[in-house]
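Heads up: the structure comes next, in structure tokens.
The values are calculated or read from the model by the stated rules, or taken from the named source; none is laboratory data. Computed from a predicted model, the values in this text were never measured in an experiment. Because the Cβ atoms are built from the backbone with ideal geometry, glycine has one as well, and the counts that use them run over all protein chains shown. Protein only, heavy atoms only, side chains kept; ligands, DNA and RNA dropped before computing areas. Shrake-Rupley method; radii C 1.70, N 1.55, O 1.52, S 1.80 Å.
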Amino acid sequence: MLIDSHCHLNYKGLIEDQQNVLERARASGIDLMLNIATRESEWDAVLDTAIRAPDVWATVGIHPHEADEHPHIDTAKLVARAAHPRVVGIGETGLDYYYDHSDRDRQRSSFRSHIVAARETGLPLIVHTRDAEEDTLAVMRDEMGKGAYTGVIHCFTASGAFADAALELGFYISISGIVTFKSAKDLQETAARLPIDRLLVETDSPFLAPVPHRGRPCEPAFVADTAKFLANLRGESLEDLAAATSANFRTLFKKVA
């Protein structure tokens, strides 16, 4: 059994057929799915899906793209919403300098608010980083000096050096379908050497469908294709990789029953 550690079940492309999406995931051997929040307006819907489906869990957070539109979302609001028994993580949050949809100072401020919420609740942080490795690490290290917290770098596409630094901070690394792309040679090299006890798999659906589903909306069932590719890349059996990544998810997301 596999776990999709990061999906967006309430996004366009999945929400229209959500029940069948869930059923296809179950039929593909997906044991659990983590439904990720990115803006305040979707918090209720993300949580409602997790309430209806016992194999779906939820997070609460503001994506860095949305930081400008959410100056009112502070640590207290995140902590309050995270008290719900179906909310098991804080995020996604982080820094994205590739698109710069939000002011960089606002992104960093929002990121720190999420880290404090993770520290206060004891829930893991879900980190998005793109073209912002130096600042992401600077914020994470500075906040770690104020008190321990844990989490995952989701949809990992950063450098091997960033992976090593994140692992040193106690973080997990989650691999998406990007690893199956022919152009992802650097990512494949990093994914092949990541320690098995810090590895997660995800879809980030409805985005980034892995080979052989390119060009289609991604969905949680496809995490099985990513896991098969990753196991082969690492010289491991699919069964061993599935068991390890599922155990890692439960170790990190301790609130999952």
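Remark: the ALA45-PHE181 segment gains 45.8 nm on full extension, using 0.36 nm per residue and subtracting the alpha carbon distance.
Charge dipole of region 2-252 (Cα centre as origin; +1 on each Lys and Arg Cβ, -1 on each Asp and Glu Cβ, all else neutral): 340 debye, rounded to the nearest 20. By the rule of a C-alpha distance below 15 Å, with chain neighbours fewer than 8 residues away ignored, the aspartates and glutamates paired with LYS228 are ASP4, GLU202, GLU236, GLU239, ASP240. Considering only alpha-carbon pairs that sit under 8 angstrom and 6 or more positions apart, the relative contact order computed for region 1-90 is 26 percent. First compute the accessible area of region 107-227 with a 1.4 Å probe, then give the percent of it belonging to carbon and sulfur atoms. Taking all protein chains in place, region 107-227 shows 49 percent carbon and sulfur surface. Could you pull out every one of the lysines with an alpha carbon less than 22 Å from that of LYS255, ignoring same-chain neighbours closer than 8 positions? Cross-link targets: LYS77.
Along its first, second and third principal axes, ordered by size, the chain spans 42, 40, 32 Å in Cα coordinates.
Using a cutoff of 8 angstrom between alpha carbon atoms and counting only pairs six or more residues apart, the relative contact order for the chain works out to 21 percent.
Solvent exposure of region 166-257 amounts to 43 Å² per residue of accessible area, where only protein heavy atoms count and the probe is 1.4 Å.
Could you tell me which of GLY91, SER110, ALA80 has its Cα farthest along the dipole of region 80-124 towards the positive end, charges placed at Cβ (Lys, Arg +1; Asp, Glu -1), taken about the Cα centre? The residue sitting most towards the positive pole is ALA80. Dividing the radius of gyration of the alpha carbons in region 1-79 by their Kirkwood radius gives 1.01 for Rg/Rh.
Here is the P(r) of region 109-257: all C-alpha pair distances, binned every 10 Å from 0, give 11, 41, 35, 12, 0 in whole percents.
Each Lys and Arg contributes +1 and each Asp and Glu -1, all at the Cβ; summed about the Cα centre of region 71-117, the dipole is approximately 240 debye. Of all the Cα-Cα pairs you can form in region 37-173, what percent are over 23 Å apart? The proportion of pairs with Cα distances above 23 Å equals 28 percent. Counting only Cα atoms, region 44-104 measures 37, 23, 15 Å along its principal axes, largest extent leading.
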